[in-house]
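**Q** One structure, as structure tokens, below. Some questions next.
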Amino acid sequence: MTTVDIRVPATSANLGPGFDALGLALSLHDEVRATLTGERGAHVTVEGEGAGEVDTGEGHLVVKAMRMAFDRMKVPQPEGIRLHCLNRIPHARGLGSSSAAVCAGILAARALAESELSGELSESLSDDDVYALATEMEGHPDNVAPCLAGGLTVSWSDHDGLPHMVKLAPDQRIRPVALVPSTRLSTEAARGLLPKDVPHKDASFNAGRAALLIAALTQRPERGLLLAATEDRLHQHYRAPAMRASADLVERLRAVGVPAVVSGAGPTVLAFSTSDTQDLIAPEVGNDWHIQLMDVDPVGANVQFPETR
Ligand SMILES: Nc1ncnc2c1ncn2[C@@H]1O[C@H](COP(=O)(O)OP(=O)(O)OP(=O)(O)O)[C@@H](O)[C@H]1O
Ligand SMILES: N[C@@H](CCO)C(=O)O
């Protein structure tokens with residue numbers, strides 16, 4: 001029986017103007033220990049976030065991702081899968097929990113197939129295949145890319161629908177701060193609030209801001225540039241009615257000069273803290289928010305066999 005350990009980071013997508021394109025890996029991780037067993041079916045134990053809530057059998061998202069990956073590798077589905085999940089990423093808050101679960105499942109399946117089912121494995125998954133399958137399951141690449149690669153990522157899909165990414169290193173003077181509420185909003189519900197079409201002037205506004213954001217995050221982490229670069233007209237205000245407190249907090253923080261955005265599909269708020277803004281955040285945040293000072297995870301998902309630690 002082989003066991004593999006997977007560690008996957010939380011991620012913040014969009015970063016303001018980069019809807020479905022920009023993402024940042026954060027220093028908050030879920031850990032999954034996966035084992036193929038002779039038992040029938042999937043057996044999942046969960047500690048931390050989602051314990052007592054998520055399915056603990058075949059309907060668990062990590063198990064579903066593993067099954068998809070075994071199918072793609074054309075190996076017979078293993079009879080039994082045992083998982084232990086230590087979850088730190090809160091669910092449905094805009095910190096990429098589903099992307100982390102999907103990436104963990106695919107990476108676990110690949111590692112287990114290569115070590116335990118190698119006799120039946122004619123072709124494993126490449127890193128690009130892992131990225132493509134995780135994006136297919138998620139529906140968009142912006143959380144998956146930083147989850148797999150770490151750092152700051154720009155992701156896009158080509159004309160065949162295949163996702164690609166460029167990984168960048170944000171300037172180390174920038175600290176991401178997550179302001180996490182106890183309320184939840186599913187990505188599906190938040191995407192349902194977006195219009196089918198947007199005005200051309202809003203699209204061009206966001207194109208300029210997204211380009212500026214890459215420059216500001218990697219080379220010019222000045223408060224004024226970060227503030228301008230994190231403006232958005234494509235998603236945040238359409239979704240505000242579903243997360244009024246988040247929209248209000250973003251507005252309060254920006255009014256005192258802190259570059260703040262809705263993290264992913266919300267309702268978490270992400271602030272980019274620099275030496276001149278770090279003391280401005282806490283006074284604007286009430287007791288309803290958990291303030292989490294983060295680092296950028298420069299590495300992304302990690303796979304280890306316990307024996308080799
Ligand atoms: N570690 C996990 N184990 C099992 N299911 C999970 C796990 N993480 C997320 N999920 C499932 O995914 C849902 C949350 O996914 P959703 O895409 O709505 O939000 P998110 O990924 O946390 O946020 P965002 O995509 O905005 O960053 C949870 O309600 C749960 O059903
Ligand atoms: N780009 C996605 C990220 C959340 O998964 C959205 O905002 O819907």
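**Q** If you stretched the chain out fully between ARG88 and LEU168, how much longer would it get, using 0.36 nm times the residue separation minus the C-alpha to C-alpha distance?
**A** 26.3 nm
**Q** State whether region 175-293 is rounded, prolate or oblate according to the following rule on the C-alpha gyration tensor (a ≥ b ≥ c being the square roots of its eigenvalues): a/c under 1.5 gives rounded; otherwise a/b larger than b/c gives prolate, and the remaining case gives oblate.
**A** Oblate shape, in that a/c is at least 1.5 and b/c is the bigger or equal ratio.
**Q** Determine the dipole magnitude for the chain: charges of +1 sit on the beta-carbon of Lys and Arg, -1 on that of Asp and Glu, nothing else is charged, the reference point is the Cα centre, and the result goes in debye to the nearest 20.
**A** Dipole magnitude for the chain comes out near 700 debye.
**Q** Under 10 Å, Cα contacts only: if you run a Gaussian network model on the chain, which one of HIS200, HIS29, HIS140 comes out with the highest mean-square fluctuation?
**A** HIS200
**Q** Let me ask something else about it. So what is the 222 nm mean residue ellipticity for the chain from helices alone, if each DSSP H run of at least 4 adds -39500 (n - 2.57) and you divide by all residues, rounding to the nearest 500 deg cm²/dmol?
**A** -9500 deg cm²/dmol
**Q** Compute a Gaussian network model of the chain, connecting alpha carbons closer than 10 Å, and tell me which residue from GLU188, GLU136, GLU231 fluctuates the most.
**A** GLU188
**Q** With springs only between Cα atoms under 10 Å apart, run a GNM on the chain and tell me which of SER126, SER27, SER115 wobbles the most.
**A** Its mean-square fluctuation being the largest, the pick is SER126.
**Q** Using the Kirkwood radius built from alpha carbon pairs, what does the Stokes-Einstein equation give as D for the chain at 37 °C and 0.692 mPa s, in µm² per second?
**A** Rounded, D is 166 µm²/s.
**Q** Give the calculated FRET efficiency between ALA207 and ASP71 to the nearest 0.05, with a Förster radius of 45 Å applied to their Cβ-Cβ distance.
**A** Between ALA207 and ASP71 the formula returns 0.75.
**Q** What FRET efficiency comes out for GLU114 versus SER27 if R0 is 35 angstrom and r is the Cβ-Cβ distance? Round to the nearest 0.05.
**A** 0.80
**Q** Calculate, in whole percent, how much of the Cα-Cα pair population of region 24-173 lies beyond 26 Å.
**A** Looking at region 24-173, the distances longer than 26 Å represent 26 percent of pairs.
**Q** While we're here: Could you tell me which residue out of GLY23, SER98, PRO176 lies farthest along the dipole of the chain toward its positive end? Charges go on the beta carbon: Lys and Arg +1, Asp and Glu -1, centred on the Cα centre.
**A** Ranked along the dipole, the leading option is PRO176.
**Q** Something else about it: How many angstrom lie between the C-alpha centres of region 33-72 and region 130-155?
**A** Distance between centres, Cα-based: 21 Å.
**Q** Checking the cross-link filter: which lysines have an alpha carbon closer than 23 Å to that of LYS74, excluding same-chain neighbours under 8 positions apart?
**A** Candidates past the 8-residue exclusion: LYS64.
Every number here is computed from the coordinates shown, using simple stated rules; none is lab data. Predicted, not measured: the structure shown is a model, and the values here were computed from it. Backbone-built Cβ (ideal geometry, glycine too); neighbour counts: all protein chains shown.
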